[in-house]
Amino acid sequence: MTNDRANSALLIVGHGSTVNPDSSAPTLADAAEIRRRKIFADVGCAFWKEEPSLRDALFLFDPESIREVFVVPNFISEGYFTQTVVPRELELNGRITKRSNGQVWKYCEPVGNHPLMTELLLKRARDIAPDVDPAETSLLIVAHGTDLNENSAVAAKREAEKIRALGKYATVLNVYMEEPPLVSDWRKLTKTRNVVVVPFFISDGLHSYEDIPVLLGIAVAAGVDRGRRGSAPTATARGEIFRHNPYRIDGRSLFYAPSIGTDPGFADIILEQALSAKS
């Protein structure tokens, strides 16, 4: 550990879930990887819907030994949680907050805002379909769409535009679960014989295990047990949905990837966001 970070800690903030046991897994894995690198004196996590809570995070780091805390939101985009919930719960009053105990908390950009996100999406597409010719392939980036905040849709559109400008794929589209262009219309939206679908979410959960596969028409082929809507996906759904690639539909090959936030490269982006805030 370098001396200038001997008194610094990193706090990674996630959404969490009361019904999806996998929701916090990527954030915890990223924290473990960053902790292993021994860059900060301490690395912690906090969640809106899980323990430790955001309120608990106020007391995670000893003010005697930790003088500086970098807070990185593990979210795809700026939005309701990064702009309202996290600052409120962590009692932040801007990008830099000085506590009464002398600690300085620095609020960083969410991971989804980092330029490396584009390369990570391209890597995920290559990993899931390594043998296809991009010139004969459509890439679909799937976001939720209508929600408390529309910025996740904006972020998906931004990434699609950046990848489209590279000219690697025949077609690059941002599609949504609940607003046009709809992911369920993928057959009409694409003409290529290969289609790669990457969910633009931090973690795999009901959307990626269950909802999107149903909208794509691949859930039955994967043997997904939908069970009761709103309950945690079964072990079969969690594992098998990504193991059947490619799905053969109407003479075309559809490749379905895990959510982008499960990529190990997110640890590097979290670090980049924290270290770029250091002044």
Inset, instruction - Scan the range 205-222 residue by residue and report those that are in contact with a Ser or Thr (Cβ under 6 Å, 6 or more places away or on another chain) and either modelled with pLDDT under 90 or open to solvent by 20 Å² or more (accessible area, probe 1.4 Å) (or both). - result: Gly205, Leu215
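Confirm whether Lys49 is on the phi > 0 side of the Ramachandran plot, surrounded by fewer than 17 Cβ atoms within 10 Å (Cβ to Cβ) and either outside any helix (DSSP H, G or I) or not basic (Lys, Arg) (or both). Outline the logic, then answer.
Working: on the phi > 0 side of the Ramachandran plot: no; surrounded by fewer than 17 Cβ atoms within 10 Å (Cβ to Cβ): yes; either outside any helix (DSSP H, G or I) or not basic (Lys, Arg) (or both): yes.
No, not satisfied.
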Inset, instruction - Could you list, in sequence order, all residues of the range 84-98 that are free of Cβ contacts under 8 Å to residues at least 60 places away in the same chain and either open to solvent by 70 Å² or more (accessible area, probe 1.4 Å) or under 17 Å from the mean Cα position of the chain (by Cα) (or both)? - result: Arg88, Glu91, Asn93, Ile96, Lys98
Inset, instruction - Look through the range 99-130, keep the residues that are surrounded by fewer than 18 Cβ atoms within 10 Å (Cβ to Cβ) and among the polar types (S, T, N, Q), and return whichever of them is nearest to Lys157 (Cα to Cα). - result: Thr118
Legend entry - Where Pro180 falls short, out of the listed (1) modelled with pLDDT under 95; (2) under 20 Å from the mean Cα position of the chain (by Cα): (2)
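Considering only residues of the range 165-202 that are hydroxyl-bearing (Ser, Thr, Tyr) and part of a strand (DSSP E or B), which is nearest to Phe266 (Cα to Cα)?
Of all residues in the range 165-202, those hydroxyl-bearing (Ser, Thr, Tyr) come to 169, 171, 176, 184, 190, 192.
Applying the additional criterion that residues be part of a strand (DSSP E or B) yields 171, 176.
Numbers: Thr171: 25, Tyr176: 23 Å.
The selected residue is Tyr176.
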Legend entry - Selection count, the range 1-36, where residues are more than 21 Å from Pro110 (Cβ to Cβ) and surrounded by fewer than 18 Cβ atoms within 10 Å (Cβ to Cβ): 10
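Are any of the residues in the range 54-77 assigned to a helix (DSSP H, G or I) and loosely packed, with under 14 Cβ neighbours inside 10 Å? Give the derivation first.
Keep residues of the range 54-77 that are assigned to a helix (DSSP H, G or I), which gives 56-59.
Among the residues that remain, those that are also loosely packed, with under 14 Cβ neighbours inside 10 Å are: 56, 59.
Yes, the conditions are met somewhere in the range 54-77.
The values are calculated or read from the model by the stated rules, or taken from the named source; none is laboratory data. Keep in mind the model is a prediction, meaning the values are calculated, not measured. A quick note on method: Cβ atoms are made from the backbone with ideal geometry, for glycine too, and the neighbour counts reach across all protein chains shown. Keep in mind that these areas ignore ligands, DNA and RNA; they rest on the heavy atoms of the full protein, side chains included. Shrake-Rupley method; radii C 1.70, N 1.55, O 1.52, S 1.80 Å.
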